[in-house]
Structure formats: structure tokens, C-alpha cells
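Participant: What follows is a structure written as C-alpha cells; I'll ask about it next.
Only the coordinates and a few stated rules stand behind these numbers; no lab work does. Everything quoted here is computed from the prediction, not taken from an experiment. Virtual Cβ from ideal backbone geometry, glycine too; neighbours counted across all protein chains shown.
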Amino acid sequence: MEEFEEIIEIEFDDEEFEGEDDIRLTEIYKLAVKLLEHLDRLKSQELKEATSLMIIRELLSDDRVLIGLASKMIQDLSLGYEDDPTYSS
């Protein structure tokens with residue numbers, strides 16, 4: 001990941017992220033949607049997978065609670081529980 005950070009310098013305008021949490025959440029969601037659109041445009045499946053895993057690693061970092069929640073969500077998805085309205089994880 002460090003090699004990409006050296007290649008790409010992302011500068012955030014602090015004013016762009018000022019405001020209440022709902023405004024910040026909206027901006028984060030917009031950026032996430034844009035990121036996923038770019039990810040979908042990758043032609044190589046291997047690059048999509050590698051990039052997806054890098055993003056997951058960056059999001060989870062060392063947050064044990066978040067890792068546990070993500071693990072449970074992945075387990076639920078893999079077992080097909082996301083479409084069962086009677087299931088509560």
C-alpha cells in the first residue's frame with residue numbers, strides 16, 4: 001500500500017469535510033460510491049480483487065471490533081442470511 005501512497009498524493013480540503021456528522025457521512029458515502037464505480041471499471045479481475053482487499057485492510061486497520069463485525073457480516077453473506085428477514089445476527 002505504501003508504494004501507492006507514494007505515487008498518489010491525495011489532498012483533502014479541510015473545508016470540504018467541515019460540518020455536522022450527517023454532512024460528513026454524506027460526503028463519505030459519495031466518495032465511496034465514486035470509488036466503487038472506479039473499481040468496477042477495472043478490466044482485470046485480479047486487480048479488482050487485490051484492490052478490494054487493500055481497501056478492506058485500510059478500513060479495518062487494527063480495530064478489533066470492526067474486524068469482528070466485518071467477519072460476522074461476511075459469514076452472514078456467505079451463508080445467505082442477508083435476504084432472510086427473520087434472521088438477526
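Participant: Please arrange Tyr81, Tyr29 by how many other C-beta atoms lie within 10 Å of their C-beta, fewest to most.
Facilitator: Fewest to most other Cβ atoms nearby, the residues stand as Tyr29, Tyr81.
Participant: Given labels modelled 7 Å from the Cα in the Cβ direction, how far is it in nm from Val65 to Tyr29?
Facilitator: Result: 2.2 nm between the two label points.
Participant: Same structure, new question: Residue by residue through the range 27-36, what is 3J(HN,Hα) from phi via Karplus (6.51 cos²θ - 1.76 cosθ + 1.60, θ = phi - 60°)? Round to whole Hz and write x for glycine and proline.
Facilitator: Along the range 27-36, the couplings run 5, 4, 4, 4, 5, 5, 4, 5, 4, 5 Hz.
Participant: If I model a spin label as a point 7 Å beyond the Cα along the Cα-Cβ vector, how far apart are those points for Asp76 and Leu42 in nm?
Facilitator: Spacing of the two 7 Å Cα→Cβ label points: 2.6 nm.
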